Amino acid sequence: MGVFYEFDEVDAFTVGTLGRPGERTFYLQARADGERVTIKCEKQQAAAIVQYLRRVLADLPPPEDRPMPGALEIREPLEAAFVLGPIGLGYDRSSDRVLIQFEEVGEVDDEGDPIEDESLGHVRMYVSRGQAAAFCEHADQVVEAGRPSCQWCGLPMDPDGHDCPRMN
């Protein structure tokens, strides 16, 4: 069986990268009671999590708590337990917590539907509204810290140069 984590409360939930712009690898990380799980993900997945969390938070009262800034720092070593596949997000009114569920990417059939596999990794956690809001703000900064866009064509510019199709 793959890795399985279930956290009723987390000490930290964050996103970070390793590598230089244009070659960055994105990681999600959750920490609770001395346990840590790191998941490799794509930039677009991190941005999609932010979009959904913001929609959920928009329907709720503003959070009263905020994690300490140090809680948003990703901790090394960054050994990914698995590569992120399906994402599940929700809100539990009884505990006033946001449910976040990550599953390992698996194989798909000829129609593109996932093949059931009990051995895939799984992380299920509950975060406070404050942790979710802080994750969104931090993730925005991490995602935007990549390569700047070219003012002429809008494509990302590499640190070593950019062959702009509009400036040909």
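What follows is calculated from the coordinates using simple rules that are stated; it is not laboratory data. Just so it is clear, the structure is predicted and the values come from calculations on it, not from any experiment. As a convention, Cβ positions derive from the backbone with ideal geometry for all residues, glycine included, and neighbour counts pool all protein chains shown.
Structural remarks
- With a simple spin-label model that places each label point 7 Å from the Cα along the Cα-to-Cβ direction, the separation between Lys43 and Arg66 comes to 2.7 nm.
- At R0 = 41 Å, FRET efficiency that the Cβ-Cβ distance of Asp8 and Asp158 yields, to 0.05: 0.40
- With Cα atoms, 0 to 90° folded angle of helix 129-144 axis to the chain main axis: 20 degrees
- Theoretical FRET efficiency, 1/(1+(r/R0)^6), r = Cβ-Cβ of Asp109 and Asp140, R0 41 Å, to 0.05: 0.70
- Helix-only arithmetic for the chain: the sum of -39500 (n - 2.57) across DSSP H runs with n ≥ 4, divided by the residue total, places the mean residue ellipticity at 222 nm at -6500 deg cm²/dmol.
- Exposure proxy order (Cβ contacts within 10 Å, fewest to most) of Tyr52, Tyr27: Tyr52, Tyr27
- For the chain, the Kirkwood radius over C-alpha pairs fed into Stokes-Einstein at 20 °C and 1.002 mPa s yields D = 123 µm² per second.
- For segment 1-72, the Kirkwood hydrodynamic radius from C-alpha pairs, put into Stokes-Einstein at 4 °C and a viscosity of 1.567 mPa s, yields a diffusion coefficient of 92 µm² per second.
- C-alpha center-to-center spacing [segment 22-81, segment 110-161] in angstrom: 9 Å
- Placing +1 on the Cβ of every Lys and Arg and -1 on the Cβ of every Asp and Glu, with no other charges, gives the chain a dipole of roughly 900 debye about its Cα centre.
- Note, ³J(HN,Hα) from phi for segment 113-127, Karplus 6.51, -1.76, 1.60, rounded to Hz, x at Gly and Pro: 7, x, 8, 4, 8, 5, 8, 6, x, 8, 10, 10, 9, 10, 10
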